[in-house]
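For reference, the structure discussed in these notes is given below.
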Amino acid sequence: EGTPEAIDAAARRIEPARTPEITAVQRLQALPPRIVLARAFWGEPVRRILAVLLSSGPGRALVAHQVRPFLFGTTPLRLEV
């Protein structure tokens, strides 16, 4: 019932459900460094525009929406062993 084998089997059942969420979060994680650390000609203007947008209510709401998967996940799961 709570054996290591049962736990491993439960984890294997959850993996397919979590993979899309993990992929989405990894994609989101890769975006900020690309923008913030960009040395291309567009890097500085984009950073300035983002600063203005993030200082507004709608901009903060957009960020909150994007950060939600990091904080709470997107796939409801229940691990049963």
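The values are calculated or read from the model by the stated rules, or taken from the named source; none is laboratory data. The model shown is predicted, which means the values in this text are computed figures rather than measured ones. When we count neighbours, we look across all protein chains shown, and the Cβ atoms used for this are built from the backbone with ideal geometry, even at glycine. The protein model used for the area step is the full one, side chains on, heavy atoms only, and it has no ligands, DNA or RNA in it. Shrake-Rupley method; radii C 1.70, N 1.55, O 1.52, S 1.80 Å.
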Problem set entry | Top-ranked residue of segment 36-66 - restricted to ones that are in a helix (DSSP H, G or I) and open to solvent by less than 50 Å² (accessible area, probe 1.4 Å), ranked as nearest to Ile22 (Cα to Cα) | Gly59
Exercise. So is Leu28 among the aliphatic types (A, V, I, L, M) and either open to solvent by 100 Å² or more (accessible area, probe 1.4 Å) or in contact with a strand residue (DSSP E or B) (Cβ under 7 Å, 6 or more places away or on another chain) (or both) or not?
Worked result: no
Exercise. Looking at this structure, is Leu77 aliphatic (A, V, I, L, M), modelled with pLDDT under 75, within 16 Å of the chain's Cα centre (by Cα) and at negative phi?
Worked result: no
For this session: Working only within segment 1-25, note down all residues that are open to solvent by 70 Å² or more (accessible area, probe 1.4 Å), β-branched (Val, Ile, Thr) and over 22 Å from the mean Cα position of the chain (by Cα).
Result: Ile7
